[in-house]
Amino acid sequence: MPQPNQAFERKAPSLHKLFYPDSVAVVGASPEVKGDRFPFFQALLKSGFSGRLYPVNPNYPEVAGHKAFSRVQAIPEPIDLAIITLRAPQVPPIVADCVQKGVRFAVIFSSGFTEGGHPELEEEIKALASGGITRLIGPNCIGPYCPESGLTFILEEKPLEPGNVGFVSQSGGHSITYKTLAGSRGVFFNKILSLGNQCDLTIQEVLRYYAEDPRVRVICAYVEQAKGGHEFSQTLREVARKKPLIVMKGGATEVGARAAFSHTGALASYSRVWGKAIHQLGAIPVNDLEEMADAAFSCLTIELPRGPRVGIVVVGGGSSVEMTDVCARNFLEVPLLGKEAQEKLAEIIPEANTSCKNPVDLGFMGFVPPIYHQSILFTAADPNIDVILLYQITEYFQQFTPHVDWPEKMAVEMAKVRQEIGKPLLIVIPPLEQDKLEFITKRQALVQRLRRNGIPVFPTIDRAAKVIYRLQRYRRFLHPEA
């Protein structure tokens, strides 16, 4: 089983066995996959978990070919992780059993605690765990996902290859949704932890662990309740100093706060100033999982923009105006290019239906690869520009160059540009055509190839502009003197 390096293990041993357990007991494991509980035991078998698995269920002699035990204490070996899938009223004696056994971590999948109107049950399991070494995750959660160790909360053949992102979420559903959504956009995970109600282990503990984990480069968090007030704020600031920390707040509105309480029992504070406060602490606030995936991919692939000044290269006057407006609404600048850049552009593009000022509107010259390439280089070389934003309507490529493999040609060309310009490059490719499958397939092939080459691609100008604004602001947090 892969192990973190020894220096990291010495610095942050507390959560190591949660993600890299040598042994897992699934309490409530059953030969039958029932609709009221997730088949963790079968999922771990399919995922190739390399540790020892123990089903715990007094009603069966074995589960999936493994001897079943009547209780956790009956297992003859130490247990690092227990996953409890029984109904809420049955959980307290199981927690007591885990504490007496000396289980390191107990994930409580069961719901029906504070969020279900039974805070006394949650207080009971907290009290039971307080007398031993067992740390509780949950209740009302789906626990850890770690491709390196084979831990999973999804019934799939094998987890994806491990990536460089760590995600912690109070929502189990968002853990699964974000893993799927982000994976389709080129963002892959080293670790995910669903925490539910946070009756014991808190988000800030996980954030601190991720901050020291050498395998995690970018950290994402979905938060409904920020327990520990000052400690939570201090943790965000400390973690953001070390790695990009992208935070989505659930329950940030009055009605959302009400929904959060019924979801995880979180007394969520709704506030219009949440995003501003998160910015000041150095974290990157986002409004939804799409924006979180946008920010995560960009943090992994591009240098943080040095400022808010955007150089736009586009085909079409209307698009150039729209891009300028959207950038301005997102507190970005679209400055005029300097004299040298404008003169160089004027030498390669005609005057009719074009502009060399910024936005750089190439007109039909945008379909001539050498001119398109050189125009981006001239724009990026201007010292007044911090980041390059392109707008590519791929329907035009299909219309004007139907016999060219434009997805491959464009991907190769943009990979060269990315290496040459020395500044962040982002591309907007709007999905205009929604009905013609052949064309949709070609467009998606281009998007995937660009992402494999480390180029962030967005379906809307607004999403690209939000990423630029947030990342350049994060850079200012890291380098306030710049």
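The values are calculated or read from the model by the stated rules, or taken from the named source; none is laboratory data. Source: prediction; values computed, not measured. For neighbour counting, all protein chains shown are included, and Cβ atoms are generated from backbone atoms with ideal geometry for every residue, glycine included.
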_Ser30 being closer than 19 Å to Phe153 by Cα, part of a loop (DSSP other than H, G, I, E, B), touching a residue at least 24 places away in the same chain (Cβ under 8 Å) and more than 27 Å from the chain's Cα centre (by Cα)_ = yes
_Which count do you get for residues in region 118-139 that are at positive phi and assigned to a helix (DSSP H, G or I)?_
0
*So which residues in region 420-461 are more than 18 Å from Leu389 (Cβ to Cβ) and either under 21 Å from the mean Cα position of the chain (by Cα) or assigned to a helix (DSSP H, G or I) (or both), if there are any at all?*
Leu437, Glu438, Phe439, Ile440, Thr441, Lys442, Arg443, Gln444, Ala445, Gln448, Arg449, Arg452
*So which of Val103, Val99 is assigned to a helix (DSSP H, G or I), at pLDDT 95 or above and in the same structural domain as Ser14 (by TED's automatic domain parsing)?*
Val99
*Going by the conditions given, is Phe367 surrounded by fewer than 21 Cβ atoms within 10 Å (Cβ to Cβ) and either over 34 Å from the mean Cα position of the chain (by Cα) or not acidic (Asp, Glu) (or both)?*
yes
*Out of all the residues in region 48-64, is one or more out of contact with any helix residue (DSSP H, G or I) (no Cβ under 9 Å at 6 or more places or on another chain), within 18 Å of Leu151 (Cβ to Cβ), in the same structural domain as Leu18 (by TED's automatic domain parsing) and among the aliphatic types (A, V, I, L, M)?*
no
_If I filter region 414-451 down to residues being in contact (Cβ under 8 Å) with a residue 12 or more places away in the chain, over 19 Å from Gly316 (Cβ atoms) and among the charged types (D, E, K, R), which single residue comes out as surrounded by the most Cβ atoms within 10 Å (Cβ to Cβ)?_
Arg418
*Only one residue in Arg71, Arg104 is under 27 Å from Ser14 (Cβ atoms) and more than 34 Å from the chain's Cα centre (by Cα). Which one?*
Arg71
_Going residue by residue through region 207-214, is there one that turns out to be under 11 Å from the mean Cα position of the chain (by Cα), modelled with pLDDT of 95 or more and not assigned by TED's automatic domain parsing to the domain that holds Gly117?_
no
*Number of the exception - Ile79 against (1) under 20 Å from Leu155 (Cβ atoms); (2) of a type in the set (A, V, I, L, M); (3) at pLDDT 95 or above*: (1)
*Where in region 327-407 are the helices (runs of 4 or more DSSP H), entirely inside, with at least 3 residues that are out of contact with any Asp or Glu (no Cβ under 8 Å at 6 or more places or on another chain) and free of Cβ contacts under 8 Å to residues at least 12 places away in the same chain?*
339-348
_Within region 135-167, take every residue that is under 19 Å from Gln204 (Cα atoms) and in contact with an Asp or Glu (Cβ under 9 Å, 6 or more places away or on another chain) and give me the one that is surrounded by the fewest Cβ atoms within 10 Å (Cβ to Cβ)._
Arg135
_Taking the criterion of being touching a Pro at 6+ places or on another chain (Cβ under 7 Å) and of a type in the set (S, T, N, Q), would at least one residue in region 418-439 satisfy it?_
no
*Give me the pairs: first residue in region 166-189 and touching a residue at least 12 places away in the same chain (Cβ under 8 Å) and part of a helix (DSSP H, G or I), second residue buried (at least 18 other Cβ atoms within 10 Å of the Cβ) and among the polar types (S, T, N, Q), beta-carbon distance under 6 Å, and six or more apart or on different chains, which are they?*
Gly172/Ser194; Ser175/Ser169; Ser175/Ser194
*asked:* Is it the case, given these coordinates, that Val412 is at pLDDT 85 or above and either farther than 15 Å from Val310 by Cβ or in a helix (DSSP H, G or I) (or both)?
replied: yes
_I'd like to verify a number: residues in region 272-312 that are touching a Cys at 6+ places or on another chain (Cβ under 8 Å) and not assigned by TED's automatic domain parsing to the domain that holds Ser233, how many?_
2
*asked:* Based on this model, can you work out whether Gln398 counts as at pLDDT below 95 and out of contact with any His (no Cβ under 9 Å at 6 or more places or on another chain)?
replied: yes
_Residues located in region 162-182, provided they are within 18 Å of Ile108 (Cβ to Cβ) and either in the same structural domain as Ser110 (by TED's automatic domain parsing) or among the small types (Gly, Ala, Ser) (or both)_ = Ser169, Ser171, Gly172, Gly173, Ser175
